[in-house]
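Worksheet: one structure, shown below.
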Amino acid sequence: MKKNRILTIGAGAAVLALGLAGCGGDSGSGGGTGTEGGDASEVEVFTWWAAGSEKAGLDALVSVFGEQHPDTEFVNGAVAGGAGSAAKDLLQSRLQQGDPPDTFQAHAGAEIQDYIDAAQVEDVSDLYDEFGLNDAFPADLVDRLTVDGAIYSVPANIHRANVVWGNTKVIEEAGVDPNATYETIDDWIADLEKIDASGATALSVGQAWTQVNLLETVLLAELGAEGYEGLWSGDTDWASADVTAALEDFETLIGFTNDDRDGLDWPDATQLVIDGDAAYNVMGDWAEAAFAEAGAEAPADYVYFPVPGTDGVFDFLADSFTLPVGAPHPGGAKAWLETVSSAEGQAAFNKAKGSIPARTDADTSDFGAYQQTAIESFGQDTIVSSLAHGAAVPVAVLNDITDATSKFTSGASDLAGFQDALVAANAK
Ligand code: GAL
């Protein structure tokens, strides 16, 4: 993998750099590092990779785990629901009841910061030393995972959230060029109108969190990387005319989508494109794994490109694993974190998951064509933090944004009301 852009982002561009946990604030683990080991007979791994291509990714990691740690039993604690829509609530109640899993999936950035602030996760920086991770991950990534000298998670991957996936035939049949490139969302809308007029569903989307995934990419397209990052730092005014323009585009895009959206999770919405029941879907690049699993081939069957207006920007998120305070099998968790962070684990997992390794030395030579583009983009693009996937804002803020989005797309609020609700959500 190429030397990473986040290695080279200077202080002046820090606003555009990864919004990882280094945003400061008081923190502390619940005492003791727990990293010495302990009971390694089993490890309960809590994720939301319960089915389909996501489970296939997890299975690939588990298979490396089985080779590296044959004496530790893997216990699958996966809770279904895309983007952790159900998992995070259940996890929170388990943590509050003192019943943590041995390790859980969380997003690097603001989401992990929540767990740090609540003293629910241990400092695992000893493991960075023990496993040699300070050199294996990009230096800036390690810096940004560091909070007051401590590190609380191990990243398994890097995903990109600002990707359009298209069905080649459906697009062609509507008289649109599947290889067209679009400078702006407005340019794309002109072709979506043609597809819509042909009778096909121009854009598929699913339940609320997938709508937020779409929304963040439209904000990014309209505001640019710096303006978008300003939404999270406070430098961009949520009440501004630029945000209004983005919301208008979002409204137009939602107008092209399937009516049954609120009943669909991401695999269903992406499947509409795979099956030729919709032309496009905006989704993070876990969708690549779904196309691959379906045997689809690019460009004959599907196309992909950055959301118009966001070329050159990599809307980033990283799935990371933790050592919860009070984990019943800390030795098992340590073994899991070792596999997650290993070059072999990262290669196997990411190849199957559609993402790219966080390690710079994992072998990606047999990764697919899409993933090669992601590796290249991550190496040269401006990196910004995903809203829908925990990098940009704490879970409570994201929940409010999601509720506001859902209210708007279901017709329960108008655009002005939507924008007011977004202003309020971010004023928390
Ligand atoms: C994201 C997660 C990805 C993928 C996606 C859809 O939040 O980081 O790994 O699982 O949700 O469920």
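The values are calculated or read from the model by the stated rules, or taken from the named source; none is laboratory data. Note that the structure is predicted; figures quoted are calculated from it, not measured. No Cβ is skipped: glycine too gets one built from the backbone with ideal geometry, and neighbour counts run over all protein chains shown. All accessible areas refer to the heavy atoms of the entire protein, side chains included, with ligands and DNA or RNA removed. Shrake-Rupley method; radii C 1.70, N 1.55, O 1.52, S 1.80 Å.
Pairs under 7 Å by beta carbon, first residue closer than 17 Å to Ser198 by Cα and part of a loop (DSSP other than H, G, I, E, B) in segment 247-260, partner open to solvent by less than 60 Å² (accessible area, probe 1.4 Å) and hydroxyl-bearing (Ser, Thr, Tyr), six or more apart or different chains?
Every condition considered, the pairs that remain are Asn258/Thr201; Asn258/Ser204.
Is it fair to say Lys351 is in a helix (DSSP H, G or I), more than 27 Å from Asp420 (Cβ to Cβ), within 16 Å of the ligand (Cβ to nearest atom) and open to solvent by 10 Å² or more (accessible area, probe 1.4 Å)?
The answer is yes for Lys351.
Mind listing just one residue for me: the one in segment 380-428 that is touching a strand residue (DSSP E or B) at 6+ places or on another chain (Cβ under 8 Å) and farther than 26 Å from Thr257 by Cβ and, of those, surrounded by the most Cβ atoms within 10 Å (Cβ to Cβ)?
Step one: list which residues in segment 380-428 are touching a strand residue (DSSP E or B) at 6+ places or on another chain (Cβ under 8 Å), which gives 381-386, 389-392.
Of the ones still in play, those that are also farther than 26 Å from Thr257 by Cβ are 381-383.
On the way: Asp381: 21, Thr382: 21, Ile383: 26.
Among those residues, the one meeting the criterion is Ile383.
For Gly57, are the conditions met, namely being open to solvent by 40 Å² or more (accessible area, probe 1.4 Å) and either near the ligand (Cβ under 10 Å from one of its atoms) or within 27 Å of Val395 (Cβ to Cβ) (or both)? Walk me through how you get there before you give the answer.
Values: open to solvent by 40 Å² or more (accessible area, probe 1.4 Å): no; either near the ligand (Cβ under 10 Å from one of its atoms) or within 27 Å of Val395 (Cβ to Cβ) (or both): yes.
No: the conditions fail for Gly57.
Residue by residue, here is whether (1) under 30 Å from Asp381 (Cβ atoms); (2) open to solvent by 50 Å² or more (accessible area, probe 1.4 Å); (3) within 16 Å of the ligand (Cβ to nearest atom); (4) modelled with pLDDT of 80 or more holds:
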residue	(1), (2), (3), (4)
Ala21	yes, no, yes, no
Glu36	no, yes, no, yes
Glu42	no, yes, no, yes
Glu73	no, yes, no, yes
Asn76	no, yes, yes, yes
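Quick one: which residue in Ser377, Ser320 is closer than 17 Å to Trp286 by Cβ and crowded, with 24+ Cβ neighbours inside 10 Å?
Ser320
So which helices (runs of 4 or more DSSP H) are wholly in segment 105-211 and hold at least 2 residues that are open to solvent by less than 30 Å² (accessible area, probe 1.4 Å) and assigned by TED's automatic domain parsing to the domain that holds Glu344?
Qualifying helices (runs of 4 or more DSSP H): 110-117, 125-130, 133-136, 139-145.
Condition check: within 15 Å of the ligand (Cβ to nearest atom) and either in a loop (DSSP other than H, G, I, E, B) or within 21 Å of the chain's Cα centre (by Cα) (or both). Does Asp311 satisfy that?
no
From Ala358, Ala374, Ala369, Ala391, which residue is touching a residue at least 40 places away in the same chain (Cβ under 8 Å), assigned by TED's automatic domain parsing to the domain that holds Leu133 and under 23 Å from Ile116 (Cβ atoms)?
Ala358
Identify, from the list Glu222, Glu229, Glu297, the residue that is open to solvent by 20 Å² or more (accessible area, probe 1.4 Å), in a helix (DSSP H, G or I) and either within 14 Å of the ligand (Cβ to nearest atom) or at negative phi (or both).
Glu222
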